[in-house]
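Contents: one structure, followed by commentary.
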Amino acid sequence: MSTAALITLVRSGGNQVRRRVLLSSRLLQEDRRVSPPCLSSTSESRFSRFDPDGSGRPATWDSFGIWDNRIDEPILLPPSIKYGKPIPKISLENVGSSSHIGKRKENEDRFGFAQLTEEILYFAVYDGHGGPAAADFCHTHMEKCIVDFLPKEKNLETVLTLAFLEIDKAFASHAHLSADATLLTSGTTATVALLRDGIELVVASVGDSRAILCRKGKPMKLTIDHTPERKDEKERIKKCGGFVAWNSVGQPHVNGRLAMTRSIGDLDLKASGVIAEPETKRIKLQHADDSFLVLTTDGINFMVNSQEICNFINQCHDPNEAAHAVTEQAIQYGTEDNSTAVVVPFGAWGKYKNSEINFSFSRSFASSGRWA
């Protein structure tokens, strides 16, 4: 090989080497910009969808970017793994509640919420009539009664049914042993919700207090009022020897006395078909769509319809403000009865906030009645 050819070959090889070095340098720089720094094997195990930054702190809904929330709740990790989806831990500190006496001489409404077990939360409203005795009795004893049945029965619908019947039986014994004869005509509605693992919601109800789930900004009624207007309820009353009479404003009453066909207490009407067995409903929460559960007594239900309740609450910053907004709105709409609301926030709290709500004081009374 000539000297000139050898020089040309060396120059050509050098250029290729320089190009390879330059290309490798550029790829390394790009890789540094895109790829995270290497971690040791002990650090890699800390990263997961529930701990995205490896800090060891609980993941929140904001970490998943699911909801426009203003309540920072950690993820309930074991149930999340069990159900295969992120589930927020519902804190009782964030539950809102409000109760107004209205124009009555006494507030016979009662409400409560508590953690019964590590997995189960309890929420309830009771609307007493004929005095507060029956509502007080439920408020005092219902929680313990449910807890007593939980180890014996896994089905929460069955647990609530048994608890309602047991409380009614216990109140009857209490009333018959009491020297106060007015206890025999005291009764109460009862709407109780149990939440297991932050995702399984079960509601039981007697009377005309309500439970509403707000899903995608729309109300989902979880209870049906027990009134003599219902054909099935009226037939039971008549079959048991009772009758339905209408008062001066056209409202049906059992034996001319009671506006509901199921209740706890009202012992003088048990023989006429008024029962304490609740109707129950089970639902699996969808935290990306479900904003809240609200329990209300008929001081609210008779004046504000379900969609209006959802709208009022969706406008509020937190559940406590929301509960007060609902009860105060019912008062402005003209309710004279006791009014009580309990608001439980879920995963989509704040997500379906309406941009504008028209608060009309001249809206139709009929559209906002107990049938709404």
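The values are calculated or read from the model by the stated rules, or taken from the named source; none is laboratory data. Because the structure is a prediction, the values reported are computed rather than measured. Here the Cβ positions follow ideal geometry from the backbone for every residue, glycine too, while neighbour counts run over all protein chains shown.
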Quiz item: Is it true that T140 is hydroxyl-bearing (S, T, Y) and either in a loop (DSSP other than H, G, I, E, B) or in contact (Cβ under 8 Å) with a residue 12 or more places away in the chain (or both)?
Solution: no
Practice problem: Among the residues of the stretch 289-320, write down those that are over 16 Å from the mean Cα position of the chain (by Cα) and closer than 21 Å to R110 by Cα. | Solution: D298, G299, I300, N301, F302, M303, V304
Quiz item: How many residues does the stretch 333-355 hold that are farther than 12 Å from T297 by Cα and of a type in the set (A, V, I, L, M)?
Solution: 3
Practice problem: Restrict the check to the stretch 160-179 and report whether at least one residue is surrounded by fewer than 17 Cβ atoms within 10 Å (Cβ to Cβ), aliphatic (A, V, I, L, M), part of a helix (DSSP H, G or I) and free of Cβ contacts under 8 Å to residues at least 12 places away in the same chain. | Solution: yes
Practice problem: Go through the stretch 93-119 and count every residue that is within 19 Å of A348 (Cβ to Cβ) and among the aliphatic types (A, V, I, L, M). | Solution: 1
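Which residue, of A245, A204, A193, is over 22 Å from A135 (Cα atoms) and part of a strand (DSSP E or B)?
Every option except A245 fails the conditions.
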Practice problem: Tell me, yes or no, whether the stretch 348-357 has at least one residue that is touching a His at 6+ places or on another chain (Cβ under 9 Å), more than 23 Å from G128 (Cα to Cα), among the small types (G, A, S) and in contact (Cβ under 8 Å) with a residue 60 or more places away in the chain. | Solution: yes
Quiz prompt | Residues of the stretch 108-137 classified as more than 20 Å from the chain's Cα centre (by Cα) and crowded, with 18+ Cβ neighbours inside 10 Å, total | solution = 10
Quiz prompt | Search result, residues across the stretch 207-230 that are under 25 Å from N255 (Cα atoms) and not in a loop (DSSP other than H, G, I, E, B) | solution = R210
Quiz item: Would it be correct to say that S291 is among the hydroxyl-bearing types (S, T, Y) and either part of a helix (DSSP H, G or I) or modelled with pLDDT under 90 (or both)?
Solution: no
Self-check item: Filter pass, S186 being buried (at least 16 other Cβ atoms within 10 Å of the Cβ) and within 18 Å of the chain's Cα centre (by Cα)
Solution: no
Practice problem: Just give me the residues in the stretch 151-182 being more than 20 Å from G128 (Cα to Cα) and touching a helix residue (DSSP H, G or I) at 6+ places or on another chain (Cβ under 6 Å), in sequence order. | Solution: E153, V159, L162
Practice problem: Enumerate the pairs (first residue in the stretch 305-324 and at positive phi and basic (K, R); second residue anywhere and surrounded by fewer than 23 Cβ atoms within 10 Å (Cβ to Cβ) and outside any helix (DSSP H, G or I)) with beta-carbon separation below 8 Å, excluding pairs fewer than 6 apart on the same chain, so at least 6 apart or on different chains. | Solution: none
Quiz prompt | Scope the stretch 84-135; condition of a type in the set (K, R) and within 19 Å of D318 (Cβ to Cβ); matching residues | solution = K89
Practice problem: Evaluate the following for T182: is it more than 30 Å from A348 (Cα to Cα) and either at pLDDT 95 or above or part of a strand (DSSP E or B) (or both)? | Solution: no
Self-check item: In the stretch 189-222, residue surrounded by the fewest Cβ atoms within 10 Å (Cβ to Cβ) [restricted to those that are of a type outside the set (D, E, K, R), in contact with a helix residue (DSSP H, G or I) (Cβ under 7 Å, 6 or more places away or on another chain) and closer than 17 Å to I300 by Cβ]
Solution: P219
Quiz prompt | the stretch 108-122, residues that are in contact with a Gly (Cβ under 9 Å, 6 or more places away or on another chain) and either on the phi > 0 side of the Ramachandran plot or in a loop (DSSP other than H, G, I, E, B) (or both) | solution = E108, E119
